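S.K.: Can you keep this structure in mind? I'll have questions shortly.
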Amino acid sequence: MEITYLGHAGIHLATGTSRVVIDPFISPNEHARAAGLNLASLDVDDLLLTHGHEDHVADAPVLAARAGVHVIANYEVAMWLQGKGAHAVLPMNHGGVLHRPYGKVRMVNAVHSSTLPDGTPGGNPAGFIIEAEGLRIYHAGDTALTMDMELIGRYWTPDLACLPVGDVFTMGPEDALAAAEMLECDRVLALHYDTFPPIALDKDRKLRAQAAFAEIGKELIFLQIGEQITA
Ligand code: NI
Ligand code: MN
């Protein structure tokens, strides 16, 4: 599976058969545009949205309107997109699992908030565990460190955990290390940092966090926007 960092909390997963995009934030993100990304050339089959905040759903109405795209989100966010002309929505809620052509999508807890950009209540925020090609990828959404991660580690140990590390609105890189331990996950992809001044991480803090991960045999990965890794 190829995983491409789309900037902010956005990732693109390419399996042999499907393209899964989570929380794309490209057109309003100057860093993503500077890296050469654009919505028109983004290949999407399933569009997964963790919660209703602008920096996670801004590009969703345009992508969701495309023929063939299925939106997977909580009921409130899914209905909001349906009202904006989404082609197909698959609403779900925490604890549920959807079976998709490439595998399974499980919705899990996140500790955060979820109001939509126009003030519509966005339900409760979530993370996703995507199971495909024998691998489990966890996208935590926006969240604090939470004991739910221990539950995920115990029952659905991820091969790769995509965790927010920008602090202020989510956990920071130090808590991400504790999250990796609870998740029993050796490979963490950093998300939700550097997009806006309040969540900028200085280079030293990134290096210190990476060293702390390495000390316990784990890896904290910071990708350039548009860069790929293989899971
Ligand atoms: Ni948020
Ligand atoms: Mn956010």
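The values are calculated or read from the model by the stated rules, or taken from the named source; none is laboratory data. In this text, all values refer to a predicted model and were calculated from it rather than measured experimentally. Cβ atoms come from the backbone with ideal geometry, glycine included; neighbour counts cover every protein chain shown.
S.K.: Quick test for you: out of 144, 161, 190, pick the one residue that is out of contact with any helix residue (DSSP H, G or I) (no Cβ under 6 Å at 6 or more places or on another chain), within 25 Å of residue 218 (Cβ to Cβ), touching a residue at least 24 places away in the same chain (Cβ under 8 Å) and assigned to a strand (DSSP E or B). Lay out the reasoning, then the answer.
M.R.: Working: 144 fails: assigned to a strand (DSSP E or B); 161 fails: out of contact with any helix residue (DSSP H, G or I) (no Cβ under 6 Å at 6 or more places or on another chain).
Going through 144, 161, 190 in turn, the sole match is 190.
Matching residues to (1) farther than 19 Å from residue 87 by Cβ; (2) buried (at least 20 other Cβ atoms within 10 Å of the Cβ); (3) β-branched (Val, Ile, Thr); (4) away from ligand 1 (no atom under 16 Å from the Cβ):
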| site | (1), (2), (3), (4) |
| --- | --- |
| 31 | yes, no, no, yes |
| 41 | no, no, no, yes |
| 45 | no, no, no, yes |
| 50 | yes, yes, yes, no |
| 62 | no, no, yes, yes |
| 65 | no, no, no, yes |
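S.K.: From 161, 140, 209, grab the single residue that is surrounded by 19 or more Cβ atoms within 10 Å (Cβ to Cβ), over 16 Å from the mean Cα position of the chain (by Cα) and under 24 Å from residue 35 (Cβ atoms).
M.R.: Answer to the check: 209.
S.K.: Restricting attention to the range 4-29, which residues are modelled with pLDDT under 95 and within 16 Å of ligand 1 (Cβ to nearest atom)?
M.R.: Hits for the range 4-29: nothing passes.
S.K.: Looking at residue 46, is it in contact with a His (Cβ under 6 Å, 6 or more places away or on another chain) and touching a residue at least 60 places away in the same chain (Cβ under 8 Å)? Don't jump to the end; show me each part of the working.
M.R.: Details: in contact with a His (Cβ under 6 Å, 6 or more places away or on another chain): yes; touching a residue at least 60 places away in the same chain (Cβ under 8 Å): no.
Taking the combined requirement at face value, the residue does not satisfy it.
S.K.: Can you name every residue in the range 67-85 that is in contact with a Phe, Trp or Tyr (Cβ under 9 Å, 6 or more places away or on another chain) and more than 16 Å from ligand 1 (Cβ to nearest atom)?
M.R.: Here is the first cut: in the range 67-85, the ones in contact with a Phe, Trp or Tyr (Cβ under 9 Å, 6 or more places away or on another chain) are 72-73.
72 - this is the single residue of the range 67-85 that is in contact with a Phe, Trp or Tyr (Cβ under 9 Å, 6 or more places away or on another chain) and more than 16 Å from ligand 1 (Cβ to nearest atom).
A quick yes/no check of all residues on (1) among the small types (Gly, Ala, Ser); (2) within 16 Å of ligand 2 (Cβ to nearest atom):
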residue	(1), (2)
136	no, no
143	no, yes
154	no, no
158	no, no
162	no, yes
167	no, yes
178	yes, no
181	no, no
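S.K.: Select from the range 110-135 the residues that are surrounded by fewer than 21 Cβ atoms within 10 Å (Cβ to Cβ) and in contact with a Ser or Thr (Cβ under 7 Å, 6 or more places away or on another chain) and write down the one among them that is nearest to residue 61 (Cα to Cα).
M.R.: Filtering first and then ranking leaves 121.
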